[in-house]
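Trainee: First the structure, then my questions, so here it is.
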C-alpha cells in the first residue's frame, strides 16, 4: 500500500524538491524504510537510535505517532503522513 | 479579561515580533512588553517590518517603539535584554500572555520552561525558509513545547542563520501567533493547537497536539521544576 508523505522544506533537498512523495508500507516504520530506498539519507534525518528524532514530529493524519504506536503505527488506505520539524527562526 | 487590561510580552523583535506587535497594538491590547537586545541589521529589513533603512545600527527596541508609537493606544514596556535563565521567570511573570518569536532553540525552551513555572500561557512561533509553525500552550501546559520537541536539538536542526527566512512566511505565522495571543487574552483556550504553514504550496493547517505522558515539563511526573542555565545552550541565529 502506498501512502503520501508530506515533506517539509528542510528535507526537500533529499526529494528533488518534491513536497509530497509516495512511499510503500503497512506501518510508519516501513514507509520510512521505503522512503530511504527512494530518497537516500532521509531516514537519518528522521530517526536516531531511539526512534523518531526529538526535534521531528511525524503525524498520521492529525495524530503524532508518538501518541499512537510509534514506528509500528499501522496505516490504512488514504492515510497521509506529515513531517513537522522543530524550527527556530523569525 | 478586557483587551485594554491585558498584558502581552513579545520575546524577540524579529520577523515574528514586528508584525505581531502591530496586530496586538491595533487589536486593542493595553500593555505590550518588548524583549530584545539586538540592533537592526540591513538583512533584517525584508521581514522585520517595523524597521527601515534609517534604523540600521540602532537597538531594535528603540526602532520598534518609534514605529509602534503611531499605532494604537498601548502602554509599552521595554526589556533591553534577552530572556536569560536568571531573568526569565521574573520577566514572564509580569504578563498574562507571552508570544515567543525568538530565533534560537535555547530561548524557545527557556521561554517554555519559564512560562510553565510561572503559570503563564505562551505562544511559540517560528519560521525558517518556507515553513512556519505556531503553537498555543496553556498555563498548565498539557501539551507544551516540550511535548512536541522534547529538548534543545544537538545542532542539526535548521535555524534562520543557516537556512534563511522568507518574509511572507514569517508574516503569516506572526499573524497566526498574534491571533492565538488575542484569543487567550479574550479568555478563549486554543491550547494545544498547532498551526503549520508552507509558503510554497500555500497550505495552512491547524491541528491539535496531545500531551506527552513522559514530558519532563508537563507530564505526569515532571522533572523540570526550576531554571538551570546549563540546560539552554544552542547556536544563536543572527538577525
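Where a number appears in this text, it was derived from the coordinates with a stated rule and is not lab data. Remember, it's a predicted structure, so these values are computed and weren't measured experimentally. FYI the Cβ positions are ideal-geometry reconstructions off the backbone, even for glycines, and counts take in every protein chain you see.
Trainee: Give the shape of region B:23-83 as rounded, prolate or oblate, defined through the alpha-carbon gyration tensor: a ≥ b ≥ c are the square roots of its eigenvalues, a/c under 1.5 means rounded, and otherwise the shape is prolate if a/b is larger than b/c and oblate if not.
Mentor: oblate
Trainee: How many partner chain Cβ atoms sit within 10 Å of a residue's Cβ in peptide B:13-21, on average, as a whole number?
Mentor: 1
Trainee: Using a 7 Å offset from the Cα along the Cα-to-Cβ direction at both residue A:69 and residue B:213, what is the distance between the two label points in nm, to one decimal?
Mentor: 1.6
Trainee: Here's something else I'd like to know. Take the alpha carbon atoms of the protein assembly as shown, find their radius of gyration, then divide it by 2.2 N^0.38 Å using N residues; give the quotient.
Mentor: The value comes to 0.97.
Trainee: How many nm separate the modelled label positions at residue B:1 and residue B:87, each set 7 Å beyond the Cα in the direction of the Cβ?
Mentor: 2.2
Trainee: Residue B:188 versus residue B:43, label points 7 Å from Cα toward the beta carbon: distance in nm?
Mentor: 3.7
Trainee: Taking a quarter of the surface of the convex hull around the Cα atoms of region B:3-231, what do you get in nm²?
Mentor: 11.5
Trainee: Can you give the three extents of the C-alpha atoms in region A:2-85 along their principal axes, from longest to shortest, in whole Å?
Mentor: 29, 27, 21
Trainee: Also, I was wondering about something else. At 0.36 nm per residue, minus the direct Cα-Cα distance, what do residue B:77 and residue B:229 gain on full extension? Give it in nm, one decimal, please.
Mentor: Full-extension gain reported as 52.2 nm.
Trainee: Could you rank the peptides B:87-96, A:10-19 by their average count of other C-beta atoms within 10 Å per residue, with the highest value first?
Mentor: Values: B:87-96: 18.5, A:10-19: 15.5.
So the order, starting with the most tightly packed, is B:87-96, A:10-19.
Trainee: What does the average come to when, for each residue of peptide A:5-17, you count the partner chain Cβ atoms lying within 10 Å of its Cβ?
Mentor: 3
Trainee: Continuing with this model, one more query. Counting only other chains, what is the mean number of Cβ atoms within 10 angstrom of the Cβ of each residue in peptide B:126-138?
Mentor: 4
Trainee: Packing-wise, with mean Cβ within 10 Å as the measure, how do A:31-40, B:126-135, A:47-56 rank, highest first?
Mentor: So the peptides A:31-40, B:126-135, A:47-56, ranked by packing, come out B:126-135, A:31-40, A:47-56.
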